[in-house]
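This report refers to the structure that appears directly beneath it.
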Amino acid sequence: MKYSVVLPVYNEEENLPTLYKRIIKVLTSLKADYEIIFVNDGSNDKTKNILVNLNKKNPRVKIINFSRNFGHQTAVSAGLQHTSGEVAAILDADLQDPPEILPKFFAKLDQGFDVVYAVRKKRKENIIKVMAYSLFYKLLHVIASVNIPLDSGDFCVLSQRMVKTINSFPERNRFVRGLRSWAGFKQVGLEYERDQRFAGESKYGLRKMLKLAFDGIFSFSFIPLQIMFFLGSISLALSLIGSLWAVYMRFFTTAYNRVPGFATTIILIMFVGGLQLFSIGVMGEYLRRIYDEVKQRPLYIIESKVGFE
Ligand code: UDP
Ligand code: MG
């Protein structure tokens, strides 16, 4: 049995030594073969050097250096594509996902599951982030075409056939936890306490967070398109009623000229204009994704690999 641990890293120099120590302790206790794959997502601190030194110390440490920052989800995907074990684990490199619970997860996998994903009991992060995440997951849960479990992130262990399945998805705007749910097989969630980041700042800025949220929604749901159609139909129906009313007032009453109507007109124009722009925006999101797929660019560019045969 060989375990593959995949870790996306972006400027995590302060975390790597402790992370490595804790992971090694867990993996050696399992008394099995293992590999630790660090995907260096274009870090510009000492991450790369630290990783190379780890590899010199322990050849089971493997490194994939990206040519630039391609993002967390892409790094996880690249890591999965390079695993050679029968079982894979995905962890964040900031020690928010404690490696000590991996044996419990691996044991669960042995019971015939293909995915054991971690469910956060509670988040020890700032209140705005917690609320934003909670809202996003609820929204996604309601509109996604597959059941993406609440409060589960990328922290999970996967069977070999699950890894192969996820690797076979060619899509570019990747939302790994969504792909994982989409793939099916037997999945189970285990609760855990998500720790605070060990050192350094979060590498997920607002832009990256929004991209992740959009990938989750637009890659796993057509409901935004359907809502557009629905809203468009309603506004069409309302305008039809309005026109009939205007004709009636003009020809069958004398009150027509006394109707002020200015504000109503402006509001209606703004409403319809807003609705149209919003709808174009929603269509644009799908179009952007189609364009991205059609271009067929590779998912990421590797600058160098260390430790792979
Ligand atoms: N990460 C990455 N590329 C990025 C951003 C983040 O590989 O562009 C890694 C980061 O090093 C960490 C994991 O993804 O191992 C999760 O990132 P972070 O802890 O900053 O996110 P948060 O926990 O704050 O949501
Ligand atoms: Mg983190």
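A compact table of results
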| quantity | calculated |
| --- | --- |
| Number of the condition not met by S43 [criteria: (1) surrounded by 24 or more Cβ atoms within 10 Å (Cβ to Cβ); (2) within 12 Å of ligand 1 (Cβ to nearest atom)] | (1) |
| For Q276: the one exception among (1) modelled with pLDDT of 80 or more; (2) within 30 Å of Q73 (Cα to Cα); (3) not aliphatic (A, V, I, L, M) | (2) |
| Condition check for L7: at pLDDT below 95 and within 23 Å of L158 (Cα to Cα) | no |
| Per-region count, the range 90-131, residues away from ligand 2 (no atom under 16 Å from the Cβ), free of Cβ contacts under 8 Å to residues at least 40 places away in the same chain and either among the β-branched types (V, I, T) or on the phi > 0 side of the Ramachandran plot (or both) | 1 |
| R180 closer than 12 Å to S77 by Cβ, away from ligand 2 (no atom under 13 Å from the Cβ) and not aliphatic (A, V, I, L, M) | yes |
| Any hit, the range 215-228, residues being surrounded by 15 or more Cβ atoms within 10 Å (Cβ to Cβ) and within 16 Å of ligand 1 (Cβ to nearest atom) | yes |
| Pair list, Cβ under 6 Å, 6 or more apart: the range 191-208 residue in contact (Cβ under 8 Å) with a residue 40 or more places away in the chain and near ligand 1 (Cβ under 8 Å from one of its atoms), other residue aromatic (F, W, Y) and part of a loop (DSSP other than H, G, I, E, B) | K203/Y10 |
| Qualifying helices (runs of 4 or more DSSP H) (wholly inside the range 91-196; at least 3 residues being surrounded by fewer than 17 Cβ atoms within 10 Å (Cβ to Cβ)) | 102-110, 127-143, 160-167 |
| Close pairs (8 angstrom Cβ cut-off, 6 or more residues apart or separate chains): of a type outside the set (S, T, N, Q) in the range 240-252, part of a helix (DSSP H, G or I) anywhere | G242/L268; M249/Y256; R250/Y256 |
| The range 53-90, subset of a type in the set (A, V, I, L, M) and over 26 Å from S29 (Cα atoms), residue surrounded by the fewest Cβ atoms within 10 Å (Cβ to Cβ) | A78 |
| Matching option when the condition is within 23 Å of L277 (Cβ to Cβ) and under 14 Å from the mean Cα position of the chain (by Cα), among F229, F214, F220 | F214 |
| Breaking point among (1) at negative phi; (2) away from ligand 2 (no atom under 15 Å from the Cβ), for Y204 | (2) |
| Residues of the range 44-71 that turn out to be in a helix (DSSP H, G or I) and touching a helix residue (DSSP H, G or I) at 6+ places or on another chain (Cβ under 8 Å), as a count | 4 |
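For (1) of a type in the set (F, W, Y); (2) modelled with pLDDT under 85; (3) within 29 Å of S77 (Cβ to Cβ); (4) within 16 Å of ligand 2 (Cβ to nearest atom), each residue gets a yes or a no:
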residue	(1), (2), (3), (4)
P224	no, yes, yes, no
F229	yes, yes, no, no
G242	no, yes, no, no
N257	no, yes, no, no
F271	yes, yes, no, no
V282	no, yes, yes, no
L287	no, no, yes, no
E293	no, no, yes, no
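The values are calculated or read from the model by the stated rules, or taken from the named source; none is laboratory data. A quick note: this is a predicted structure, and the numbers were derived from the prediction, not measured. We place every Cβ from the backbone using ideal geometry, glycine too, and count neighbours over all the protein chains shown.
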